Amino acid sequence: MKQQFSLRASVCLALATLASSSALAAGFQVNEHSANGLGRAMAGQAATPENASILATNPAAIGVFEEAEFSASVSFIDPNVDISGSVDYQLGGQTVGMADASEADIADTAFVPGFFYTRPVNEKVSA
């Protein structure tokens, strides 16, 4: 009985995984956490504990620092996103109207701050 339930649960989980679709969204990733990481094009960022910004990619490195570390960054994002197109309104299979769906500069500029701080409490614990 338990084997049947386990098999059914596995099949349901597999079907749910296959039936799920990816999210169709647009966005911007800010991967710049430090100037020295940018200089290396983020190569080895998770393995190089140069400052507290490593906590963004490798939280386990918190124990590497022997004194308090602070790292701050600000990223300026200035996207230029324009869309163009039109919309057809239909009723019963017949087009009853059209509208322009074009828009210029739909994304706002933004400053994205990042702050990282780590401090050893004792030889075995850091915060």
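A few comments on the model shown:
- The HN-Hα couplings worked out from phi for region 60-67 by the Karplus form 6.51 cos²θ - 1.76 cosθ + 1.60 (θ = phi - 60°) are 5, 6, 4, x, 6, 6, 9, 9 Hz, whole numbers, x standing for Gly and Pro.
- The string of couplings for region 91-106 from the Karplus curve (6.51, -1.76, 1.60, θ = phi - 60°) is 9, x, x, 9, 6, 10, x, 9, 8, 7, 10, 7, 8, 10, 6, 8 Hz, one whole number per residue in order, with x for Gly and Pro.
Read-outs throughout are calculated quantities, based only on the coordinates presented, and are distinct from any laboratory measurement. All values derive from a computational prediction rather than experimental measurement.
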